[in-house]
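Trainee: Pasting in a structure now, in structure tokens, and then I'll have a few things to ask.
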Ligand code: MTE
Ligand code: LUZ
Ligand code: MOS
């Protein structure tokens, strides 16, 4: 089945935030961001801006009726700067005008005097200065110190890993309007409507029941709107509250790039120890997460880095520490993989470096250490239904890896200035929010008298196809045609207290809540059917819009049944609540069972390197992926393709550049390069691993959104392997992204 949004998207009829018809009298807001990365605000002068025709008001922190606080996990972030600024682009004021143009024009006319202070942009320097967002955390298992002496090989090195700009096509924005009696309705481009509702209520000093948040869909989120949509929605709501008028705030791309946080850069040191037969006996790493100026989601992201720091491998002795460092960059935030990719990059780096030192292929080390059934993760959970080795074996077989490696070697022998490279990325990603309490969802289902069905859940559609999956779940479980099912906007008055659509668990959590609601409705309907057919309801079910009795269709149709049920005064509305069972985590011990299940896979990437220019092409991507029993193979394949390209972009072209004063230099699409269709792999072949899928996945269809992002890591090491084929004296330098400029330096290192 195709995504239900397909036609709307290609005909331009799908509605995004900026397409919502505005109410007459709507005002427009523009944000005034700090020009410097660190300093004291001496004076904010709005006189000139206010003089401009059409400007209604300029709001600063003193206009906030409630709390000037938008921090979630840690309360360390103001909505509008108060006395100090901590990153370039930090919101200081909001200009409200009659037109969008005037708002932006006036925003440039707000004069701000600063006393500049020295900014810190390097996480290691921040750590030395004691600038931490939260205390460090350590995960460990066994004791590395007791086994180093048993290791035949010990390899140490450091990594320097870059961040990533989300570049959702739709920038951050919100449209807010007062309804009556203080009640405000907010349309927001957010992954977390409840987070927006909570933040708006807090900033306005109102109870949450006076704030309604509605979301139709996003033009992409990728984690960037899990937390950071809230501030901009709060600015729009604040402006609406103060002026009593509808106010729209949509960030221009340039502002979005400067003002919002990105994927966290990490810096780190590691040491890995292996036995003669390439078993990893010990692994130790200390990582410095560049958190930016406020905690935002950094503590949770740091946690997922810890969870995934041993990748897809069983390592009996580990010790992993992460420092979340406070720097003068925009607060870094969730981005597809949520710290997992950074953790996995480190262990893959350690393996690549060990392979180089020992003189074997990294693939041999990977293969020798893949997870097996009942292996223990360093966080205490036992690996169950492990598909790591199955995926690896199927990939080797289906894609004839041996032959592929051989053909690349032959190519490299026959070509002097063009070299090819190959690398493999085994994947193991835990599914569930690492914060157990967030693993809950609700769904509201109405069956109307004409047999049509309305579904509201907490899931946000951001291009990943969750609405299509929800419609499929309803249609499959009710036994009715999908055309009868309408998936409504995500709205806090219909579904309350939602977790953000994140952690790849939107379909699982909301789909399971929907399943529970439907089970209750179906039970009531079948009871009515049993009365009408004078039989027992356990003989009955519904398929193809027909009541089925002991496997045989009856004359009773869906429409008729619904009508009769209503006349018998049976409730045709149900609210389903789901909370993932089994999972828990004890932070005092750093042990538990945090994940409902894991997603596995094996990705192989081949590249060709131009050894004169340092440029490369991504040739082929081969994947065996563990989808479980996919509810929608087309959508899931689309998720794999998008995620892989995004993952490759992170480690190759996408370079965030800040100057020493903490100013973003790569602040537009001409200076920040993302993969385009020419850079995308020439082919992506993805084979599903044949499995039944776990019970805790919705209809046994595994979560898909984030995991395939990690296959992009293979591209990074494939490029290194090609460089080594050209320059035998090159020793892998673990700096990412591996831009063509860096590649060129590496090609001629020591030559
Ligand atoms: N796919 C598209 N097209 N756009 C997005 O913004 N976000 C990703 C992933 N796939 C995203 C996407 C991220 S970061 C997550 S967590 C999941 O989708 C969220 O949706 P799900 O939980 O329904 O998979
Ligand atoms: N968000 C979050 C996430 O709050 N907790 C998580 O564990 C998570 N994982 C992935 C993406 N977003
Ligand atoms: Mo995705 S980073 O969990 O929004």
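Every read-out reported here was derived from the displayed coordinates using simple, explicitly stated rules and does not represent laboratory data. In this text, all values refer to a predicted model and were calculated from it rather than measured experimentally. Cβ sites come from the backbone with ideal geometry, for glycine too, and all protein chains shown count toward neighbours.
Trainee: Tell me the mean residue ellipticity at 222 nm calculated for the chain from its helices only (DSSP H runs of n ≥ 4, each -39500 (n - 2.57), averaged over every residue, nearest 500). Mind showing how you got there, number by number?
Mentor: Numbers: 19 runs with 217 residues, N = 751.
Computed ellipticity for the chain at 222 nm equals -9000 deg cm²/dmol.
Trainee: So what are the three principal axis dimensions of the stretch 474-536 from its Cα atoms, in whole Å, longest to shortest?
Mentor: Here the spans come out as 46, 24, 22 Å, largest first.
Trainee: By how many nm would the segment from residue 483 to residue 156 grow when fully extended, if each residue of separation counts as 0.36 nm and the alpha-carbon distance is taken off?
Mentor: Details: separation 327, 0.36 × 327 = 117.72 nm, distance 5.85 nm.
Length difference between fully extended and current span is 111.9 nm.
Trainee: Now for a separate question. Hey, what's the Kirkwood Rh for the chain if you take every pair of different alpha carbons, in angstrom? Write out the running numbers ahead of the final one.
Mentor: On the way: mean 1/r = 0.0367 Å⁻¹.
Over the chain, the inverse of the mean reciprocal pair distance is 27.3 Å.
Trainee: Moving to a separate point now. If you average the C-alpha positions of the stretch 175-203 and of the stretch 394-435 separately, how far apart do those two centres end up, in angstrom?
Mentor: The stretch 175-203 and the stretch 394-435 have Cα centres spaced 48 Å from each other.
Trainee: While we're looking at this one, here's another question. What is the calculated FRET efficiency for residue 45 to residue 372, with r their C-beta to C-beta distance and R₀ = 41 Å, to the nearest 0.05? Kindly include the intermediate steps, with their values, before the conclusion.
Mentor: Details: r = 66 Å, r/R0 = 1.62.
Efficiency, rounded to the nearest 0.05: 0.05.
Trainee: Quote to one decimal, in nm, the extra length available between residue 527 and residue 11 on full extension: 0.36 nm per residue of separation minus the C-alpha distance between them. All intermediate terms of the calculation are to be shown ahead of the outcome.
Mentor: Working: separation 516, 0.36 × 516 = 185.76 nm, distance 4.39 nm.
Taking residue 527 through residue 11 to full extension adds about 181.4 nm, to one decimal.
Trainee: Based on the mean of other Cβ atoms within 10 Å per residue, sort peptides 717-723, 115-121 so the most packed one is first. Show your work: numbers first, answer last.
Mentor: Numbers: 717-723: 26.7, 115-121: 16.4.
Highest-to-lowest ranking by the protection proxy: 717-723, 115-121.
Trainee: Taking a label point 7 Å from the Cα of residue 435 along the Cα→Cβ vector, which residues of the stretch 562-586 have an amide N closer than 17 Å to it?
Mentor: 580, 584-586
Trainee: Taking neighbour counts of Cβ atoms within 10 Å as a proxy for exposure, in what order, fewest first, do 563, 279 appear? The partial results should precede the final answer.
Mentor: Details: 563 14, 279 17.
So the ranking, lowest neighbour count to highest, is 563, 279.
Trainee: Turning to a different aspect of this structure: Once label points are set 7 Å from the Cα along Cα→Cβ at both residue 670 and residue 52, what is their separation, rounded to one decimal in nm?
Mentor: 2.2 nm
Trainee: Take the alpha carbon atoms of the stretch 440-579, find their radius of gyration, then divide it by 2.2 N^0.38 Å using N residues; give the quotient. Walk me through the numbers on the way to the answer.
Mentor: Values: Rg = 15.2 Å, N = 140, 2.2 N^0.38 = 14.4 Å.
Taking N as the residue count of the stretch 440-579, the ratio is 1.06.
Trainee: So, one more: Given points 7 Å out from each Cα along the Cα-Cβ axis, report the residue 560 to residue 98 separation in nanometres with one decimal.
Mentor: In this crude label model, residue 560 to residue 98 measures out at 6.4 nm.
Trainee: Also, quick follow-up: With 16 Å as the cut-off, how large is the P(r) tail for the stretch 665-709, expressed as percent of Cα-Cα pairs? Walk me through the numbers before you get to the answer.
Mentor: On the way: 650 of 990 pairs.
For the stretch 665-709, the fraction of Cα-Cα distances above 16 Å is 66 percent.
Trainee: Kindly rank 102-111, 598-607, 50-59, 451-460 from highest to lowest mean number of other beta carbons found within 10 Å of each residue.
Mentor: Numbers: 102-111: 19.2, 598-607: 27.8, 50-59: 17.1, 451-460: 23.8.
Ranked by mean Cβ neighbours within 10 Å, highest first: 598-607, 451-460, 102-111, 50-59.
Trainee: Expressed as a whole number of Å, what is the distance separating the alpha-carbon centroids of the stretch 238-266 and the stretch 440-456?
Mentor: If you average the Cα positions of each part, the centres end up 33 Å apart.
Trainee: Quick one: Cα centre-to-centre distance for the stretch 34-52 and the stretch 289-361, in angstrom?
Mentor: Distance between centres, Cα-based: 38 Å.
Trainee: How many nm separate the modelled label positions at residue 416 and residue 67, each set 7 Å beyond the Cα in the direction of the Cβ?
Mentor: Taking the two extended label points, one gets 6.9 nm.
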